[in-house]
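The values are calculated or read from the model by the stated rules, or taken from the named source; none is laboratory data. Keep in mind that what you see is a predicted model, and the values were worked out from it rather than measured. Cβ placement follows ideal geometry from the backbone for every residue including glycine, while neighbour counts extend to all protein chains displayed.
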Amino acid sequence: MKQAIKVFTILWCVCQLTALNGQQTELDTVFVKKRVGENEFEMDTLFIDGGLSFPQVLTGTTFLPYSEKMIGLLNKGLSPISFKIIDECDDKIDPETFKDYPKFSAVSRTSNQLTIAVSIVANCCHNFLGEAEVIGTDTLNLVYTAYGGFCACRCCFTIAYTFDTRLEERYQILKYVTINGSKTVGQITPKE
């Protein structure tokens, strides 16, 4: 709690200084790093002032809210529920196999939810921003962007996208899934 207050105090101070210097704060972006070791930093917060709307704070691994892709996804009957890391950095994966990534770990469906787990290779210190879009009439393209601190290592993460699919059948039935537009294709099982 103390660290959160400190971070928001820093953000408030930076925004106030920006406003005092006559700059337009609705265009500001503030990156806050925290020290996690000697010569090691971690991205703590990405603050984007929302202009006329409320400010948004993106931290850790999360969906990128209301991007063009995400709005298009909503228009296709899929609503994002969560985007998270389910298996943290696994540095025991043989680097010789990194060329085989990304790859699908699991695709599961309940009556109203679709969850897709993807194994990816990224910098050991990264978090991820997620998006998704429907391509054509039957393919869901999952998108991730790595961001944050930088370490001198790469490892395997497993990330999971979960969507509410209650309205999907009004628009279309998805059959395939890709990751970052790759040729790697997975199957989506139909609703039961």
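Restricting the search to strands (runs of 3 or more DSSP E) fully inside the range 55-130 and requiring at least 3 residues that are closer than 28 Å to C153 by Cβ gives 79-90, 103-109, 113-123. Listed by first and then second residue, the pairs linking a residue in the range 149-173 that is more than 17 Å from C124 (Cα to Cα) and free of Cβ contacts under 8 Å to residues at least 60 places away in the same chain to a residue that is among the aliphatic types (A, V, I, L, M) and surrounded by 15 or more Cβ atoms within 10 Å (Cβ to Cβ), with Cβ atoms under 9 Å apart and 6 or more places separating them unless they lie on different chains, are I173/I188. If you go through the range 75-100 and keep only what is touching a residue at least 40 places away in the same chain (Cβ under 8 Å) and over 20 Å from I188 (Cβ atoms), you end up with I85, D87, E88, C89, D90, D91, I93, P95, F98. The lone criterion from (1) surrounded by fewer than 11 Cβ atoms within 10 Å (Cβ to Cβ); (2) at pLDDT below 90; (3) over 22 Å from the mean Cα position of the chain (by Cα) left unmet by G50 is number (3).
Just so you know, in the range 130-168 the residues that are closer than 14 Å to Q113 by Cβ and of a type in the set (S, T, Y) include one that is nearest to the chain's Cα centre (by Cα), and it is Y161. Selection of the range 149-184 for residues being closer than 25 Å to K92 by Cα and in a strand (DSSP E or B) yields R154, C155, C156, F157, T158, I159, A160, Y161, I179.
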